[in-house]
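Colleague: Below: one structure in C-alpha cells.
Only the coordinates and a few stated rules stand behind these numbers; no lab work does. Computed from a prediction, not measured in an experiment: that's the story for all the values here. Cβ atoms come from the backbone with ideal geometry, glycine included; neighbour counts cover every protein chain shown.
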Amino acid sequence: MMISDNRNEKYTAKYLSNLVSFLCFYSLIIRIMMEWKVLGFNLTGVNMFKHLLVPVDGSDVSKKSLKQVAALAKADKAAVTLVYVSDPMPPMVYSDSSMGYGISQKDHKKVCEAYAKDVFKKASLLLGASVKASTLHIPNSNLSEGILDAAKKSKADVIVMASHKRTGIKSVLLGSETHEVIVHSKIPVLVLG
C-alpha cells in the first residue's frame, strides 16, 4: 500500500509552475532582445552573440528562420555554423515484393552526406553572400543530442532554432526537439517563431 504525501505534491507542482513561469519570462526577454537586434537597436554597444549555431533540416520552417538568423549575424557581426543532424543507422527499405532489403551503412552515410551538402548549400543561399557560414554534419540518432554535440564542437555561444509549433496531440505524440534542446543546453537557446 502506498501512502501519498500531499505536501510533496504541492511543492512539486509549485516548483514546476515557477520553473515554467521563469522559462516563459526568460524566452520573452531573449525574444525582445532579438527583435531589437533585428530592427537595428544595439542598447549596450556590445555585440550580444559571437557565434551562432543554427540547426537546418531543409524544411520550410527552417528556411524561413534563416532571414532572421542573417539579420542577427549581421547586427552582431557573429560567426554562423549550420548543423545538420542525421541518423547514423540506415532504415530498412522495402521493395514492392514482400521481401525487404537493407541499405548498407556505407551507402546510407553517402546519402546523408550528399543530402547535408544540399541543405547547407540552400541554407547558405538564403543567408546571403554577406554571411559566411561554416557547416557541420553530425551523425546522431537523437536530434537534440546531435545539436548539443554540435554546439560543443563549434564552440557556439547561442543555439538559434526554428520552432515547428506543434500543438495538441501532435506535440504530445511527436514531442518537441526544441524543448529538449532548451532543457539540456548549457548555452542560451533562441527560438524563432
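Colleague: Can you give me the long-range amide H partners of Leu190? Hydrogens built in the peptide plane at 1.01 Å from N, cutoff under 5 Å, separation of 5 or more residues or another chain.
Modeller: Placed amide hydrogens put Ile159, Val160, Met161 under 5 Å from Leu190.
Colleague: Taking the mean number of other Cβ atoms within 10 Å as a proxy for protection, how do you rank 108-115, 185-192, 78-85 from highest to lowest?
Modeller: In decreasing order of mean packing, 108-115, 185-192, 78-85 become 78-85, 185-192, 108-115.
Colleague: Hey, another quick one. Taking amide H atoms as placed 1.01 Å from N in the peptide plane, list the residues 5 or more away in sequence, or in a different chain, whose amide H sits under 5 Å from that of Thr135.
Modeller: Leu82
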